[in-house]
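K.L.:
Please find one structure pasted underneath; my questions will follow.
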Amino acid sequence: MGIQIIQDNKSVRHEYHIIETFEAGLVLTGSEVKSIRDRSIQLKDSYIAFKGHEAFLQNAHISVYKSSSYNNHHPERLRKILLHRAELEKIYAALREKGLTCVASKVYFKEGR
């Protein structure tokens, strides 16, 4: 099945110096997945922030799925990032000690996930 790129935030490469990249999962609701498959996502101005020892994607806009019922998602809610603990600790330490910024550069489905 391969990789299906949904959104590529090209401005990240122009505005930031990329030191390291990580592949992470996102905790999404059903209507968010359907909206993303319709390519209704915007990563501009999105970034990763920590609350405790968990990472969250902030300011990513996933449009409301039009065919969904009353139980739809909020377009700019916090979405939990799924990474291994060692990766989370490495990113957290870099953000705290070096004053770096962590941003989302791509959203894609890999082998249907």
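The values are calculated or read from the model by the stated rules, or taken from the named source; none is laboratory data. Keep in mind that what you see is a predicted model, and the values were worked out from it rather than measured. Because the Cβ atoms are built from the backbone with ideal geometry, glycine has one as well, and the counts that use them run over all protein chains shown. All accessible areas refer to the heavy atoms of the entire protein, side chains included, with ligands and DNA or RNA removed. Shrake-Rupley method; radii C 1.70, N 1.55, O 1.52, S 1.80 Å.
K.L.:
Which of the residues that make up region 31-77 are in contact with a Ser or Thr (Cβ under 7 Å, 6 or more places away or on another chain), of a type in the set (Gly, Ala, Ser) and more than 14 Å from Gln7 (Cβ to Cβ)?
P.N.:
Of everything in region 31-77, those that are in contact with a Ser or Thr (Cβ under 7 Å, 6 or more places away or on another chain), of a type in the set (Gly, Ala, Ser) and more than 14 Å from Gln7 (Cβ to Cβ) turn out to be Ser31, Ser68.
K.L.:
I would also like to ask the following. Quick one: is Ser63 within 22 Å of Ile18 (Cα to Cα) and among the polar types (S, T, N, Q)?
P.N.:
Working: within 22 Å of Ile18 (Cα to Cα): no; among the polar types (S, T, N, Q): yes.
So Ser63 fails the test.
K.L.:
Tell me, which residue of region 33-51 that is assigned to a loop (DSSP other than H, G, I, E, B) and under 12 Å from the mean Cα position of the chain (by Cα) is surrounded by the most Cβ atoms within 10 Å (Cβ to Cβ)?
P.N.:
If we filter region 33-51 for residues that are assigned to a loop (DSSP other than H, G, I, E, B), which is where we start, we get 38-40, 43-46.
Add one more test, that the residue is under 12 Å from the mean Cα position of the chain (by Cα), and what stays is 43-46.
On the way: Leu43: 23, Lys44: 13, Asp45: 12, Ser46: 21.
Within region 33-51, the match that is surrounded by the most Cβ atoms within 10 Å (Cβ to Cβ) is Leu43.
Yes or no, residue by residue, for (1) assigned to a loop (DSSP other than H, G, I, E, B); (2) open to solvent by less than 40 Å² (accessible area, probe 1.4 Å); (3) farther than 16 Å from Leu43 by Cβ:
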{"residue": "Ser67", "(1), (2), (3)": "yes, no, yes"}
{"residue": "Asn72", "(1), (2), (3)": "yes, no, yes"}
{"residue": "Leu88", "(1), (2), (3)": "no, yes, yes"}
{"residue": "Ala94", "(1), (2), (3)": "no, yes, yes"}
{"residue": "Glu97", "(1), (2), (3)": "no, no, yes"}
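K.L.:
Conditions first: (1) in contact with a Phe, Trp or Tyr (Cβ under 8 Å, 6 or more places away or on another chain); (2) open to solvent by less than 50 Å² (accessible area, probe 1.4 Å); (3) not hydroxyl-bearing (Ser, Thr, Tyr); (4) not in a loop (DSSP other than H, G, I, E, B). Val12 passes all but one, so which condition is the exception?
P.N.:
With (1) in contact with a Phe, Trp or Tyr (Cβ under 8 Å, 6 or more places away or on another chain); (2) open to solvent by less than 50 Å² (accessible area, probe 1.4 Å); (3) not hydroxyl-bearing (Ser, Thr, Tyr); (4) not in a loop (DSSP other than H, G, I, E, B) applied to Val12, the lone miss is (1).
K.L.:
Residue by residue through region 74-86, note down the ones that are surrounded by 16 or more Cβ atoms within 10 Å (Cβ to Cβ), outside any strand (DSSP E or B) and among the charged types (D, E, K, R).
P.N.:
none
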